[in-house]
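Written below as structure tokens is the structure these notes are about.
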Amino acid sequence: MKRNRMMDWPVVNPGILEYLRHQQMELSGQLRELQEEASRRRVPVIPHETVVFLDWLFDLTQPKEVLEVGTAIGFSALLMAERVVEGGQVTTIERNPQMIQEALTNISKFNMDDKITVLEGDAAELLQTLEGPYDFVFMDSAKAKYPEFFPEIMNLLKVGGVLAIDDVLQGGTIMYDEKYIPKRVRKIHRKLNEFLDEVLTHESLKASLLPLGDGLLMITKKENHDFSYMKS
Ligand SMILES: C[S@@+](CC[C@H](N)C(=O)[O-])C[C@H]1O[C@@H](n2cnc3c(N)ncnc32)[C@H](O)[C@@H]1O
């Protein structure tokens, strides 16, 4: 799997990051082992401060139908599956064959086969085949595709449902003028800025940007709206 260099650039000061990672509740059992394994192997799963936040959020909002884009080894899918309400389901999309294999192995190991469905393939195609509706969607895949996936996801999300989008702050460089951004990441920097400009204050949404990990954008869908223009 490609290394995400930005996973090493904290968007809050390092002392606070250390505090968020070590003073808050810890995972236990198999999930903690998987978290440690991911950290050892540098698989880019959600950082601990995001784990704690999702744990808190699921307790508060009690989602039942959950969709994830970007499974990797299944860590966040397993975390969410352990926290959905009775009868809840997690559907998660992954295109990397090695990750799919590892996720399926982990899901079986956790006895979660009946709670988690891994859809194998590219989210660009698979999102169009889903019907929803979902109470909670977690978008944690290639950032360049966020604007393309967003309209589909908003169609799949219930009114009142929540979308969490991970890694939107570009390692803390999102606010820099493009001329200070290395050429190889300029396009994604521009795309993410345009995307944030569009959704942060959109009248059909309620959004809040949190400095967890490399930035977690939380969006509530207030009403139906056609965002298909964002695909072009
Ligand atoms: C950051 S990792 C996901 C981590 C996982 N959510 C966790 O925290 O445990 C991103 C994953 O998204 C997958 N991915 C990226 N673009 C995708 C796409 N268009 N369709 C399906 N999967 C995609 C990558 O292969 C990678 O495994």
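Structural remarks
- Mean projection area, nm², convex hull over Cα of the stretch 126-166: 2.7 nm²
- A quarter of the convex hull surface defined by the alpha-carbon atoms of the stretch 1-83 gives 6.0 nm² as the mean projection.
- For Y134, the residues 5 or more places off, or on other chains, whose built amide H falls under 5 Å of its own are L157, K158.
- Cross-link reach list, lysines versus K221, counting only Cα pairs under 18 Å and skipping chain neighbours closer than eight places: K64, K158, K206
- When the Gaussian network model of the chain links Cα atoms closer than 10 Å, the mean-square fluctuations of F149, F58, F110 top out at F110.
- Selected from K158, K222, K179 as most flexible by GNM, with the chain as the system and alpha-carbon contacts under 10 Å: K179
- From the largest down, the stretch 11-51 spans 29, 20, 14 angstrom on the principal axes of its Cα atoms.
- Placing +1 on the Cβ of every Lys and Arg and -1 on the Cβ of every Asp and Glu, with nothing else charged, gives the chain a dipole about its Cα centre of roughly 900 debye.
- Straightening the chain between W9 and T201 buys 66.5 nm, computed as 0.36 nm per residue apart minus the Cα-Cα spacing.
- Bridge orientation summary for the chain: considering DSSP beta bridges with both residues in this region, about 35 percent are antiparallel.
- Mean separation of Cα contacts under 8 Å (6+ apart) over length of the chain, as relative contact order %: 20 percent
- Our Cα-only numbers for the chain put the radius of gyration and Dmax at 16.9, 51 Å.
- Pairwise Cα distances in the stretch 110-216 exceed 17 Å for 59 percent of all pairs.
- Full-extension gain in nm, E120 to V185, via 0.36 nm per residue minus C-alpha separation: 20.6 nm
- Computed [θ] at 222 nm, helices only, for the chain once each DSSP H run of length n ≥ 4 contributes -39500 (n - 2.57): -11500 deg cm²/dmol
Every number in this text was worked out from the coordinates using simple rules, so none of it is lab data. All values derive from a computational prediction rather than experimental measurement. Note: ideal-geometry Cβ built from the backbone for every residue, glycine included; neighbour counts use all protein chains shown.
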